[in-house]
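Structure record follows, encoded as structure tokens.
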Amino acid sequence: MKDKYILKKDHLLPLLRKLKKKHRLIAPLQNLHGDTLFTEIDQLDNVRLDLANQPQNSLKRFFFPQQEVLFTYRNPTSDSYRFETAAEERPPSLYFGVRPCDLSAVLYMDVVFSKNARDPHYLHRRQNTILVGLNCNAPFANCFCNATRNGPFIDFGFDLQLTDLGDRFLVEFDRSQGQEIIREWQQFFAAADETDVKAQYQAFLEARGRFSQQVHLDLAARRLADDQVPESVWQDLSMRCQDCGGCAYICPTCTCFTIRDRQTGDHEGERIRSWDACTFSGFTRMAGDHNPVDRQMRGIEKRFRHKLQFDMEKDNRPSCVGCGRCVNICFGGTDIVLFIKMTCGENP
Amino acid sequence: MAGLATTFGSGAMTNSINEIENAQVMLVIGSNTSEAHPQVARRIFAAMDRGARLIVVDPRRTLMAKRADIHLALRPGTDIPLLNAMMRIILDDNLADDLFIEMRTENFYGLRDMLFRIDLDETARITGVELAGIRAAARLYGRAQKAVICYCLGITQHVCGTGNVQAIANLAMLTGNVEKEDTGVDPLRGQNNVQGACDMGALPNVFPSYQQVDIDDFREKFERAWHVPLPSQPGLTLMEMTHGGKDGPLKAMFIMGENPMLSDPVIARVRETLDNLEFLLVADIFLTETAARAHVVLPAASFAEKTGTFTNSERRVQMVRRVIPPLGQSRTDADIIMELSGRLGYAMDYESPAEIMEEIAMLAPIYGGMQHDRLENSWGLQWPCWDRSHPGTPFLHKYYFTRGKGRFVPAEYKPPDELPDDDYPFLLITGRIYHQYHTGTMTRRSAQLCREAGEALLQLHPEDGRRLGVRSGDLVRMRSRRGEVQVKAQLTDAVQAGEVYTTFHFSEMPINLLTSSARDHFSQCPEYKICAVHLAKV
């Protein structure tokens with residue numbers, strides 16, 4: 001078949017070893033405590049690559065760190081300032097084993113950080129990256145990317161995309177960098193035949209039937225657009241929200257940040273950007289302690305409206321990618337799945 | 001501790017936290033749960049989703065109170081009359097659990113006789129709560145098959161703290177609401193490991209696992225293990241140590257991870273005490289207000305830099321693992337203690353925290369089966385866990401109370417030590433807020449948390465604000481018989497008229513300059529919750 005290839009599973013590690021020579025390699029690794037996280041690989045032989053579990057983190061922090069120094073400043077005399085931007089070295093990076101949700105999230109962040117104003121810090125980290133995706137044959141317990149329509153399989157946005165067919169991966173490319181890899185390391189790739197493509201389609205069909213979360217995201221989005229969300233839903237969820245910000249921090253598409261200056265010496269300091277969350281009251285509080293958002297009554301409203309209404313109006317797609325991480329992390333039980341269900345009139 | 005020890009025989013949460021989800025009625029008293037114990041509040045809300053009813057007893061209208069089916073806004077310090085009245089109503093309505101009382105408790109008649117002397121109208125007058133409300137709460141709690149009482153520092157930080165706890169225990173035993181799953185009495189601990197500190201004998205009168213120092217068998221057991229003679233008399237309580245003043249009983253102190261210069265009442269007295277020591281040694285992760293007064297400060301390692309265990313409210317012992325090596329010159333607490341001990345002539349050479357845990361398991365029976373290998377890769381074990389085959393104990397007092405039979409200890413009303421008068425007309429309550437932790441040693445270093453709540457606010461009722469000419473944001477001068485601070489006012493009807501509320505997290509506004517050192521006779525816990533203050537606009 002044209003443009004579809006087969007990579008034997010036995011040859012995955014040897015291929016990664018080749019790719020690692022030119023690239024910083026980031027992949028889901030299981031650590032000593034059994035947690036799977038996207039981690040930069042130092043030594044390929046001493047790590048446990050884990051493609052069976054969902055990584056607990058997304059790729060967000062690799063492009064948009066939780067905290068970063070935008071620039072440092074010095075004012076040795078009272079009337080002069082000198083600014084310095086520390087540009088970190090960025091070797092070409094390859095992200096391996098990226099699920100469709102996380103891939104979609106990166107594509108979403110690309111828009112956020114380049115559409116209206118180009119964000120040099122994000123773009124600097126984002127350039128020279130290769131995304132090697134992995135379709136999801138078996139969605140995880142809290143996944144609902146079928147409802148957000150960016151999974152469990154994806155057919156654009158990646159450099160290379162793998163589908164697990166048992167003893168082998170079916171490999172596709174969407175961008176020239178991916179094509180380049182296949183050309184450069186052609187000894188690893190064989191042309192796929194019709195059976196392989198059929199097997200991929202079968203895997204896709206089966207994956208679609210394996211979601212345990214059943215949410216009607218479209219209906220919730222419509223109710224939001226029509227302003228039909230009962231007042232009690234906002235109140236009920238807002239009162240439970242424990243204000244930890246975990247949902248926003250773990251979310252692969254939450255990109256709000258705050259900026260502050262920190263003095264590091266008598267005549268020097270740094271400007272820092274760090275993640276923020278719209279559920280915090282400090283996010284909207286103004287001078288004189290006036291706050292247009294009553295946290296106990298409407299604290300979580302902005303979060304769900306942004307994801308399911310405002311971005312829908314702008315780009316005709318939600319900015320929730322259905323990864324389900326916020327469902328896992330929420331202390332209070334105010335996650336987006338519960339919101340969608342309550343909005344659709346279902347009992348939680 | 002003292003209250004539950006005398007009634008049940010064990011001073012800890014009788015339930016597991018997740019059992020609260022299955023309760024039918026929850027009585028939350030003296031606990032601002034959603035701010036101070038959000039993980040517990042979450043279970044309470046989950047129980048309400050399943051139809052459970054919530055009773056909140058709190059002078060303030062907290063978020064919990066707003067969500068409650070019944071909120072009894074009592075006058076601070078009147079918990080005992082309120083609880084006694086509930087018990088009297090339960091007796092009158094024939095809702096007491098006679099079988100449970102007969103089989104599992106003693107001294108019921110002592111309680112009953114006291115309850116029959118109660119004048120309910122008098123109770124309504126003392127507590128400021130209408131009798132109808134108390135009656136509704138009593139009937140709701142008394143009728144429940146599975147009821148849980150959660151209490152916190154609003155109960156214990158009073159001169160009658162032990163009595164408060166005994167009254168709670170009486171109420172639970174009277175209705176048979178203990179000794180079962182999803183049913184019990186749950187003191188919520190204020191810190192991640194305060195239960196563990198108590199378990200390990202960081203109390204004046206016990207060795208690890210609550211083995212009294214003045215009982216020869218226990219003492220000899222530890223002497224055999226440690227090869228040194230050990231004192232047979234209980235040591236000093238916290239307040240005796242930090243409030244001794246110039247002629248205090250101590251010449252030297254070693255303070256670890258505690259900041260009494262902000263957290264203890266009557267700070268002026270603490271300062272006097274510490275400054276008169278011949279030697280003060282402080283180990284902490286930052287230079288706290290207390291460390292700043294020390295002769296020697298040892299930099300300690302944070303949670304992320306050490307391996308060991310923490311024991312939480314529900315008696316669960318969980319492992320914490322080192323993620324990064326100690327930064328700079330800092331050392332772990334265990335390292336510091338071992339090094340100090342060695343230099344003082346007593347070698348402690350434990351090769352790892354696991355070896356220390358092995359010794360704990362040998363000497364502390366309730367930790368008997370808790371070695372690191374059993375705690376790794378799990379959510380931990382709940383004590384008592386007697387041996388390596390024991391699965392841990394989700395709820396206490398199954399079959400019988402720890403002390404044998406539960407004992408009714410009648411508690412009678414003891415008014416607060418210092419009530420408002422003409423000179424100091426307001427009643428000050430102190431407490432905590434969500435975004436700051438204790439003296440802010442860690443949380444005040446987070447810009448994000450400080451943006452959420454970066455300064456102390458004094459909650460003041462709008463009526464009082466009007467009378468004083470104070471608006472939200474105005475500075476108020478607040479003084480008590482012991483000290484004075486300035487604090488920004490926040491008008492809110494969450495507090496009742498005549499009462500004000502603020503927090504102790506902020507060193508710029510050390511509220512404990514004002515609080516009183518009056519304390520409970522048994523537990524020696526100071527009455528942080530009540531003192532009289534005078535307010536004036538700055």
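Within the stretch B:176-187, take every residue that is surrounded by fewer than 24 Cβ atoms within 10 Å (Cβ to Cβ) and either without any contact (Cβ under 8 Å) to a residue 60 or more places away in the chain or under 24 Å from B:I80 (Cβ atoms) (or both) and give me the one that is nearest to the chain's Cα centre (by Cα).
Taking the stretch B:176-187 first, the residues surrounded by fewer than 24 Cβ atoms within 10 Å (Cβ to Cβ) are B:176, B:179-182.
So of that shortlist, the ones also either without any contact (Cβ under 8 Å) to a residue 60 or more places away in the chain or under 24 Å from B:I80 (Cβ atoms) (or both) come out as B:176, B:179.
Working: B:G176: 24, B:E179: 22 Å.
Of everything passing the filter in the stretch B:176-187, B:E179 is nearest to the chain's Cα centre (by Cα).
For the stretch B:437-470, name all the residues that are under 15 Å from B:Q490 (Cβ atoms) and in a loop (DSSP other than H, G, I, E, B). Don't jump to the end; show me each part of the working.
Keep residues of the stretch B:437-470 that are under 15 Å from B:Q490 (Cβ atoms), which gives B:452-466, B:468, B:470.
Scanning the stretch B:437-470 gives B:A453, B:G454, B:E455, B:A456, B:H461, B:V470.
Residues of the stretch A:316-348 being charged (D, E, K, R), part of a loop (DSSP other than H, G, I, E, B) and away from chain B (no Cβ under 14 Å), which ones?
The first filter runs over the stretch A:316-348 and keeps only residues charged (D, E, K, R), leaving A:317, A:325, A:335, A:341, A:346.
Next, only the ones that are part of a loop (DSSP other than H, G, I, E, B) stay: A:317, A:335, A:346.
Across the stretch A:316-348, the qualifying residue is only A:R317.
Does A:T253 meet the test of being in contact with a Ser or Thr (Cβ under 8 Å, 6 or more places away or on another chain), of a type in the set (V, I, T), within 30 Å of B:F45 (Cα to Cα) and crowded, with 19+ Cβ neighbours inside 10 Å?
yes
Take A:M312 and tell me if it is within 14 Å of another protein chain (Cβ to nearest Cβ) and of a type outside the set (S, T, N, Q).
no
Please count how many residues of the stretch B:196-214 are in a helix (DSSP H, G or I) and at positive phi.
Total satisfying the criteria: 2.
Just to be sure I understand, how many residues within the stretch A:124-160 are touching a Gly at 6+ places or on another chain (Cβ under 9 Å) and part of a loop (DSSP other than H, G, I, E, B)?
Residues meeting the conditions: 15.
Can you name the residue in the stretch A:213-226 that is buried (at least 16 other Cβ atoms within 10 Å of the Cβ) and among the small types (G, A, S) and is also farthest from the other protein chains (Cβ to nearest Cβ) among such residues?
So the residue we want is A:A221.
So which strands (runs of 3 or more DSSP E) stay within the stretch A:1-112 end to end and still have 2 or more residues that are in contact with a Ser or Thr (Cβ under 7 Å, 6 or more places away or on another chain), surrounded by fewer than 19 Cβ atoms within 10 Å (Cβ to Cβ) and of a type in the set (D, E, K, R)?
Here the list is empty.
Residues that are in contact with a Gly (Cβ under 6 Å, 6 or more places away or on another chain) and in contact (Cβ under 8 Å) with a residue 24 or more places away in the chain: does the stretch B:36-54 have at least one?
No, because not a single residue in the stretch B:36-54 is in contact with a Gly (Cβ under 6 Å, 6 or more places away or on another chain) and in contact (Cβ under 8 Å) with a residue 24 or more places away in the chain.
Hey, among A:T279, A:T255, which residue is β-branched (V, I, T), part of a loop (DSSP other than H, G, I, E, B) and more than 13 Å from chain B (Cβ to nearest Cβ)?
The conditions single out A:T255.
Could you identify the single residue in B:R466, B:R477 that is without any contact (Cβ under 8 Å) to a residue 24 or more places away in the chain, away from every other protein chain (no Cβ under 14 Å), among the basic types (K, R) and surrounded by fewer than 18 Cβ atoms within 10 Å (Cβ to Cβ)?
B:R466
If you go through the stretch B:30-40 one residue at a time, do you hit one that is over 24 Å from A:C244 (Cα atoms), surrounded by 23 or more Cβ atoms within 10 Å (Cβ to Cβ) and away from chain A (no Cβ under 14 Å)?
no
Tally up the residues in the stretch A:227-246 that are assigned to a helix (DSSP H, G or I) and more than 14 Å from chain B (Cβ to nearest Cβ), please.
Selection size over the stretch A:227-246: 2.
Kindly indicate whether B:A85 is among the small types (G, A, S), crowded, with 19+ Cβ neighbours inside 10 Å and within 14 Å of chain A (Cβ to nearest Cβ).
So B:A85 does not fit the description; no.
Which residue is nearest to B:L174 (Cα to Cα), if the candidates are limited to the stretch B:98-111 and must be in contact with a helix residue (DSSP H, G or I) (Cβ under 7 Å, 6 or more places away or on another chain) and of a type outside the set (F, W, Y)?
Looking at residues that are in contact with a helix residue (DSSP H, G or I) (Cβ under 7 Å, 6 or more places away or on another chain) and of a type outside the set (F, W, Y), I get B:I101.
Rule-based calculations on the coordinates, nothing more; no lab input. Bear in mind the structure is a predicted one, so any value in this text is a computation, not a measurement. Using ideal geometry, Cβ is built from the backbone for each residue, glycine included, and neighbour counts are taken over all protein chains shown.
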